[in-house]
Each structure stands twice: as structure tokens, then as C-alpha cells.
1. Determine whether segment A:202-213 contains at least one residue that is within 22 Å of the chain's Cα centre (by Cα), away from RNA strand B (no atom under 11 Å from the Cβ) and assigned to a helix (DSSP H, G or I).
2. Of the residues in segment A:756-799, how many are within 16 Å of RNA strand B (Cβ to nearest atom) and more than 30 Å from A:Lys832 (Cα to Cα)?
3. A:Lys234: within 16 Å of RNA strand B (Cβ to nearest atom) and basic (Lys, Arg), yes or no?
4. Mind listing whichever residues of segment A:800-810 are in contact (Cβ under 8 Å) with a residue 24 or more places away in the chain, farther than 22 Å from A:Ala826 by Cβ and within 14 Å of RNA strand B (Cβ to nearest atom)?
5. Touching an Asp or Glu at 6+ places or on another chain (Cβ under 6 Å) and buried (at least 19 other Cβ atoms within 10 Å of the Cβ), is that true of A:Leu403?
6. When you check A:Asp582 against the structure, is it more than 29 Å from A:Ile65 (Cβ to Cβ) and assigned to a loop (DSSP other than H, G, I, E, B), yes or no?
7. Look through segment A:797-819, keep the residues that are over 25 Å from A:Leu781 (Cα atoms) and loosely packed, with under 14 Cβ neighbours inside 10 Å, and return whichever of them is modelled with the lowest pLDDT.
8. I'm checking my understanding of the structure. Among residues of segment A:604-634 that are assigned to a loop (DSSP other than H, G, I, E, B) and under 23 Å from the mean Cα position of the chain (by Cα), which one is surrounded by the fewest Cβ atoms within 10 Å (Cβ to Cβ)?
Amino acid sequence: MPYTTNDIKRVEEKWQKYWKENRVFKVSEVSKGKTSETLATSATSDSSRPKYYVLEMFPYPSGKIHMGHVRNYTIADVIARYKMMRGFNVLHPMGYDAFGQPAENAAIKRGVSPSEWTYKCIDDMRAGLRKMGFSYDWDRELATCDDTYYKWNQWIFLKMFEKGLAYKKGSPVNWCPSCETTLANEEVIDGACWRCKNQVVQKDLEQWYLKITEYSETLLGDLQKLDNWPSRVKAMQENWIGKSFGADIFFKVKGSEDVITVFTTRPDTIFGATYVTLAPEHPLVMKLAKGTAQEKAVAAFVEKRANTSKSLRMSGDQRKEGVFTGGYAVNPVNGEEIPIWVGDYVLMEYGTGAIMAVPTHDQRDFEFAREHGLPMRIVIQDPANPGIAPDKMDKAFVDSGALVNSQQFDGTPNEEAKQKISAWMEENKMGRVSVHWRLRDWLISRQRYWGAPIPMIYCEKCGIVPVPEKDLPVRLPKEAPITGEGGSPLAKVDDFVKVKCPQCGHDARRETDTMATFFDSSWYFLRYCDAHNDKAIFDKDKAAYWMPVDQYIGGIEHAILHLLYSRFFTKFLKDLGLVTCDEPFDRLLTQGMVLKEGEVMSKSKGNVVDPDEVIAKYGADTLRMFILFAAPPEDELEWNPAGLEGNWRFLNRVWNTVEEQYVPGAADPAVLDDEGKKLEFERNLAVKRVTDGMEGGFKFNTAISAVMVLMNAVDRYRNSPLAPNLTILERQALLNRALETVVLLLSPFVPHVAEELWQKMGKTEKTVAFIPWPELDESALKTDTVTIVAQVNGKVRGEFTVPRDADESVLRPIVLADAGVQRHVAGKAIRKVIVVKNKLVSIVV
RNA sequence: GGGCAAGUGGUGGAAUGGUAUACACGAAGGACUUAAAAUCCUUUGGCCGAAAGGCCUUGAGGGUUCAAUUCCCUCCUUGCCCACCA
């Protein structure tokens with residue numbers, strides 16, 4: 001019977017039901033050498049089996065799964081199922097990153113509670129995931145909005161507070177006026193809110209921060225351990241952490257006790273500093289201007305700057321504006337008095353908020369100096385332009401050269417001078433060698449409702465008091481006035497706010513901000529190790545068994561935020577003694593986007609293809625196969641209905657061939673005929689190619705193509721004449737073996753069809769997911785003869801079938817006897833013959 | 001401006017120094033059919049040629065090598081990330 005739409009539905013529902021009811025993918029860890037109970041249908045759990053933890057980035061439950069999810073989770077599912085067949089004890093969990101703003105927006109728009117809306121979405125999501133046939137251990141499912149989960153968020157926060165890693169400070173923060181909440185630096189993209197794309201402004205607020213900077217050095221250094229991460233993700237993190245080596249240099253302010261410390265990565269240019277520039281927010285700016293003719297101009301500049309949003313400043317022409325402060329600084333290396341300016345191109349948040357300007361050797365300083373007519377002095381000679389005058393330069397010279405105008409350092413190559421001058425300055429107390437980081441502490445408080453409450457209490461007598469551990473979780477009140485306006489909704493819930501101080505017992509107020517949702521997702525992979533523990537965040541031994549995640553899969557958009565925060569949390573929890581690994585994710589695969597007509601599929605572009613519709617027409621297996629076959633997992637994937645159709649036809653062909661050609665019970669032949677040998681060769685070649693594809697970087701597209709090649713060989717074998725020394729049954733046995741291999745090799749990709757065909761083959765002992773992966777018979781790949789090519793002067797001139805492993809003495813006469821080769825060799829002297837065994841003979845004339 | 005990828009038939013893509021274009025899609029022709037769908041078979045990088053065969057071809061140019069999509073240099077294009085970070 002051909003494979004029709006009805007069959008797909010029947011077969012896919014049948015197996016999804018079977019997997020669910022028998023909890024086939026429930027996994028048990030081996031803890032303290034003890035084996036926990038396991039279901040008969042799933043893999044037997046014995047301590048000799050190595051563990052494998054496959055994880056995909058859990059979804060935000062927006063309602064329905066989309067093609068991006070389908071791609072992400074299909075890739076993970078193939079890996080999980082393959083590892084199961086290879087005998088690993090596989091943990092493959094799923095959950096929901098369920099806190100966040102869309103739930104609040106839905107509450108405002110539709111009047112449903114965020115909780116109700118979210119749990120409904122989770123139900124829909126789960127149904128969508130089940131329809132794809134993913135091999136999750138559903139017993140470990142979690143949602144970050146459950147108090148059984150966020151209780152431990154709060155617990156981590158308290159531990160961080162205890163260790164001084166969570167602290168509150170007032171400072172200018174990124175504020176999204178549309179979302180009415182603060183944002184982390186990482187959440188501001190091109191000056192706009194990452195979620196709503198509105199312009200972000202700066203606001204002075206008291207906020208909670210996590211001291212991620214405490215881990216800068218190890219977050220940077222440990223990137224080196226991540227051999228199996230894409231290099232570009234590592235590069236992005238490296239950039240983001242941004243370690244700069246250089247020097248802090250002390251400039252005394254003329255006529256005052258004040259000292260301006262500048263940071264520079266170019267101490268070699270110190271003799272070329274012709275002015276100093278301060279950031280507008282620098283505390284000395286107004287002090288310097290006070291009482292000078294510049295006072296008004298400086299005040300106006302600072303004011304104007306304060307009223308310009310960061311995003312506006314960064315957009316536009318980036319002309320360098322600034323004014324003279326009226327003050328002078330003394331260059332410590334030569335006693336020169338140079339003017340102090342305030343300029344908008346100097347950022348208070350980076351370095352010391354002050355720079356020494358060397359216009360000849362820094363392009364920004366150059367532009368500022370030109371704009372404002374400031375002096376320049378060359379201190380590094382451009383080898384291509386010796387003796388050029390500063391006013392003849394059209395841009396700063398930033399390459400290497402020897403020092404000039406630098407006293408005792410004249411003639412020193414500048415790279416060498418960096419070290420020498422720094423050391424010399426340090427010795428003479430003019431400066432010190434220093435390192436600055438781009439990474440800032442992580443702002444985690446949000447003025448929103450749908451998040452984990454920050455477990456802190458404000459008492460007039462005792463100050464900031466942490467909620468005692470025994471009082472966790474601090475539950476989110478069910479009802480709160482969510483309007484999207486006027487700050488934290490929780491502040492308006494009296495029952496929540498009013499609390500007794502845990503220390504003195506007097507009236508106190510709760511913190512009403514909630515945690516950024518990236519907090520929730522920074523440790524969920526640890527909770528999966530022991531998802532229902534109500535006594536502890538997780539059992540240490542269980543985490544030690546499962547961690548690190550062996551294979552993590554998700555989108556490149558999380559290359560910085562989520563992955564950096566997760567690394568930070570893992571390191572913190574390791575310091576607490578709860579985790580044994582340094583890094584949470586051993587291997588990382590970043591899957592490419594799904595495109596349609598060259599554009600990313602997205603709701604806003606209106607070009608989405610609904611997975612449900614595809615499943616209804618072709619089934620989940622066809623969808624899975626198309627997604628895996630059309631492009632390697634890391635590449636972009638162009639949605640192609642014709643390709644989908646092609647994969648559907650292939651599955652039909654496999655289905656029909658098994659139904660019509662597979663006859664159980666045939667006995668293997670003692671000796672193979674030539675056609676049989678060929679089939680066994682192709683069968684083993686497919687095993688080798690699929691296995692290599694799985695082990696060497698998840699090349700699913702070529703793995704599937706290898707199975708297609710095997711199917712082509714099966715058809716050829718069926719249509720070949722029966723050899724005289726074989727019985728029909730013996731021939732049948734070879735065909736059966738090949739078809740069994742086809743089904744097993746395909747099973748990680750198309751599990752429903754594979755289960756059904758496996759059953760049709762009469763193999764009912766257990767689900768196909770735990771049948772051992774086909775073994776490779778290397779000897780079948782060693783044919784007696786091989787095809788080699790002959791090249792003359794690097795060009796292919798002939799093809800030969802020769803005995804395997806023949807050497808030059810055998811090959812040379814065969815090749816030279818060939819007419820095609822002779823045409824190009826005759827009459828010329830043979831200078832060299834190169835033989836690559838079983839591959840080619842190369843003749844140089 | 002800095003960093004990282006990538007560029008191969010009509011299309012998605014394959015090949016990690018050794019037969020460039022595997023596998024699939026699409027297209028063309030054929031078989032089956034009253035017909036269509038489905039299925040099956042054949043052909044399918046370009047140019048010259050009746051054929052045998054020859055020449056060209058992996059963004060462009062150069063280099064290393066008997067041999068380069070693959071290694072090296074220069075340039076062009078596209079995508080992504082970061083960015084007045086001193």
C-alpha cells in the first residue's frame with residue numbers, strides 16, 4: 001500500500017502515542033554507582049554506558065512553534081537519537097523560558113493574566129513539539145515561571161548577594177521609554193531596545209547589578225578551552241569582554257592638587273600628547289572651568305550633551321564636538337603644559353573617562369584637533385613618509401615606526417617603546433601599566449511584573465535585608481495592575497509590598513523590581529539534571545554526572561548574551577562547590593536561519609511557513625528530512641516547496657520498497673556473487689558515510705544523500721539478473737539486509753517512518769531508537785579491484801580498473817599501453833611518474 | 001574603522017591536496033495510461049565536433065605543486081558581529 005497522507009497521520013500519531021505512553025525517552029542517571037529504575041522499553045541504564053547530554057536552547061512560549069524551532073530541535077533530535085543508538089545514556093530535555101514581556105503585553109491587550117496566557121501558550125507549544133516526534137524526556141519538563149523554578153533563581157541571587165556579587169547602585173542606566181524598564185548593555189542594539197526597537201535613553205536610577213566583571217579574566221581565558229565552539233562565537237565574546245592592555249598616566253592639573261588619570265593603549269606616543277580630553281560627565285569638568293572665561297561655554301556643552309540620548313549621539317555624522325575647559329594639565333614625561341578640553345567622543349563609561357590626545361597617531365584625536373585647531377606633533381616616523389609635517393597629514397599615522405621627538409626613546413621601534421616607556425613611567429611614578437575591560441556589570445532589575453521577584457526587603461532601620469532562604473520563594477502575586485505605564489506593577493500591590501523586616505520585625509517594604517529573564521536562562525541546563533528537586537537547586541552528584549552539556553544547539557543571536565551569562569553562572573556555581581565543570585557547554589552548534597525568497601522568515605515580513613500546515617500535508621518526517629537535507633545545519637536554509645516534495649517522494653519510495661520487497665526469514669548466502677558484493681559494498685559505504693557524517697560535525701545533508709545512494713543501489717540490485725550460484729532466498733537475504741540498514745540509518749532523521757517500517761519487518765522487540773547502530777564491515781569496502789585514473793602533466797587522460805594495492809611496476813605498463821595516454825606521451829621523455837595507491841598514476845613529460 | 005564567515009551548474013549543495021559538479025530539485029525526452037496524476041527509464045556545466053576526441057570552467061589576478069575548490073599573497077563582492085572602547 002502506498003504511503004498516503006492518511007498513513008502519515010496514522011503512523012505518526014501511533015508512534016507519538018507509543019513514545020509518550022511508554023515514556024520511552026525517560027532517562028535515569030547513575031548516581032553514586034547506583035542505577036535507578038528504568039522502563040523496560042527504554043535503554044537499560046547501566047553504569048558502563050557513557051552519558052550524553054544534548055540540549056537545544058529552550059523556547060519562549062509565544063504560542064506556536066515556528067520553522068526556526070523546528071530546525072533547531074530537529075538537529076538536536078537527530079543527534080540525541082543517534083547517540084541513543086550508539087549506546088549512550090542520553091539526556092534530552094525540554095522546557096520553556098516563560099517569563100518576559102509578551103505575556104504582559106497580552107495581558108494589556110486581551111485582559112488575560114500573564115500566567116494564564118503563558119500556560120496556554122506552553123500547552124500549544126508542547127503539542128507542536130510532540131507532533132514533530134522529538135525524543136524528549138518529558139518527565140523533566142520545566143517552565144521558568146513556575147515558583148518551583150524561580151525559587152532557585154532567588155536562591156542564586158541571595159548567594160550572589162552574600163558573596164558581594166549582587167549589589168545595588170545608582171548610576172546612569174539604559175532606559176526604554178516604550179517598555180518602561182531598564183535594559184542591560186547587552187540588550188541595547190544600535191542605541192535601541194533589543195525587543196521593541198525603540199530608542200533607548202539614559203536615566204539615573206538605583207538598580208541591581210551582578211558583578212560579572214569579577215569573572216572577566218576567566219570568562220576570557222576559558223574561551224580557549226572551548227575547542228568545539230564556532231570560532232566566530234568565541235571571537236564575539238572576546239570582543240565583548242574586550243581586554244585592552246596599556247597604561248594609566250597621571251596628568252597633574254596646573255595650579256591645583258587634582259590629577260587626571262588617562263588610560264591609553266599607546267604609551268609609546270606619550271611625547272606626542274598635545275592636549276587632554278575629558279568626557280562631559282567627568283567630575284573635574286566643571287571644577288576646571290569655574291572662574292575662567294570658558295565657564296559658560298563648558299556648562300552649555302555639558303548640558304546639551306546630557307540632554308542628548310546615547311542613540312542620537314551615536315547616530316549622525318559623528319563630528320567631534322567639544323570645548324576648552326580653561327584648565328591646563330602637565331604632561332608628566334616632559335613637563336609640558338597642555339590644554340584640557342571636554343569632548344563628546346570621550347566616554348565616561350570606558351577607561352577613566354579621560355584621554356591624552358595624540359592627534360598625529362590616533363584618527364579620532366586627529367579629527368578633533370583639526371576641527372578645533374589644536375596643535376599636533378609627530379612622535380612616530382612613517383617609514384613611507386619621513387619628515388612629513390603634521391599640517392601636511394591627511395589622516396593619523398597609526399602603523400609601526402621608530403620614535404622621534406621622544407627624548408631618550410628616539411629611534412626605538414614603537415612596539416618596543418610601549419613596554420619601555422610604561423616601565424620607565426611606572427618607575428618614576430608618572431603612570432602604571434594597566435588593563436581595562438569593555439565588559440560592565442550586568443544590570444538585572446526590571447520594572448516589570450512577569451518575572452522572578454528580587455528577594456530583597458528594605459527596612460528603615462536595617463537597610464537592605466535579604467529574604468531568608470526559608471521564606472523562598474517570594475511568590476509573584478496572582479493579581480497586579482498591569483498597564484504598561486508608571487513603573488513596577490508590583491509596587492501597586494500592597495499585600496506584596498508590605499512585609500515585616502526579617503531582622504528587626506518592623507514594617508518594611510519588598511523590592512518590587514523583577515529579574516531580567518536572562519537570569520532564568522543562565523542556569524536552566526543545570527536544573528534539567530534534577531528537575532524536581534524541592535530540597536535543593538539540584539543534586540550535586542546528578543549535576544556532576546550530566547554536566548557539561550555535551551552538545552548545545554541554538555541560534556547565533558545568543559552568541560553573546562545568553563552564552564556569556566550561562567558561563568558566568570556556571571563559574572559562580574562552581575565556586576560555590578555545586579558544579580564540577582568550568583564551562584557549561586562542551587560543543588556548540590549554531591544553526592542557520594530559515595529563509596524564504598532570500599529573506600529571514602518572520603512574522604513582520606509576513607513570509608512564515610507554518611510547520612503545522614506542512615505536517616498536515618507531508619508529515620513531520622518529511623519536514624524533518626527536508627530541513628536536514630537542504631543545507632548543512634550551520635548554513636542558512638532556503639525554504640523550497642519543490643525540495644520538500646522531493647523528500648516526500650523519497651520516503652514513499654523507501655516505504656513502498658520495504659512493503660513490496662522485504663520478505664522476512666531468508667537465510668544469508670555462504671558466498672556472494674558479484675552483484676551481491678556490490679550491494680554489500682554500497683551498504684557498508686552508506687554505513688561509513690552516515691556514521692562519519694554524524695561524528696564529524698553533523699553533516700546531515702551528506703549523510704542523507706549517502707542513504708539515497710544506497711537506495712539507488714538497492715533498486716539496481718533488484719533489477720539485476722539472478723546469479724546462477726544463488727537461490728532466490730539467498731538473494732532475498734541480501735536485499736533484506738540492505739533494507740534493514742536503510743531503515744536504521746534513516747531512523748534518527750525520520751523516526752516515525754522508521755519505527756513503522758521496522759515493525760513491518762517483523763522486528764517488534766523494542767523501539768528502533770535503541771536498536772544498535774549498524775556495524776561497519778570494513779572488509780566489504782575492500783574490493784579486489786579499484787578504478788584509478790592516469791594523468792599526464794596533471795590532466796586526466798585515462799581511467800583503469802586495476803588490482804587493489806598494485807604498485808608502480810604493475811601500473812606503469814598498463815597505463816602506458818593505453819592509447820589515450822600514449823597520445824599525450826608518445827615522442828616525449830618521461831621525467832617522472834607519481835603513483836598514489838588505488839587512486840592515480842601521474843606522468844610528467 | 002576592527003573582527004569573523006562565505007563566494008562552485010538553471011537551483012539547494014558535494015568534494016580538506018589526487019577523476020570538480022556526489023545527492024537532490026528543476027528542465028527536456030521516453031515508457032505505462034483513453035487521458036491526467038503517480039511511478040519507472042534516459043539526458044542534463046560551457047564551447048568546438050557527425051563521432052572519436054579536444055579546449056575551457058569553482059568571484060578576479062598571481063604564486064607553491066607532477067596535481068589546487070582545497071595551501072600562500074593581492075584584490076573584488078556579499079553576509080554577520082563589534083564600534084568615537086582611547
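The values are calculated or read from the model by the stated rules, or taken from the named source; none is laboratory data. Being a predicted model, the structure only gives us computed values, none of them experimental. Cβ coordinates were reconstructed from backbone atoms using ideal geometry, including for glycine residues, and neighbour counts include every protein chain displayed.
1. yes
2. Residues that pass the stated criteria total 1.
3. Spelling it out, A:Lys234 is indeed within 16 Å of RNA strand B (Cβ to nearest atom) and basic (Lys, Arg).
4. A:Arg804
5. Yes, satisfied.
6. For A:Asp582, the condition - more than 29 Å from A:Ile65 (Cβ to Cβ) and assigned to a loop (DSSP other than H, G, I, E, B) - is met.
7. Residue satisfying both the conditions and the ranking: A:Ala819.
8. Keep residues of segment A:604-634 that are assigned to a loop (DSSP other than H, G, I, E, B), which gives A:604-610, A:619, A:630-634.
Cutting the leftovers down to under 23 Å from the mean Cα position of the chain (by Cα) gives us A:630-634.
Values: A:Ala630: 21, A:Ala631: 20, A:Pro632: 16, A:Pro633: 24, A:Glu634: 14.
Of everything passing the filter in segment A:604-634, A:Glu634 is surrounded by the fewest Cβ atoms within 10 Å (Cβ to Cβ).
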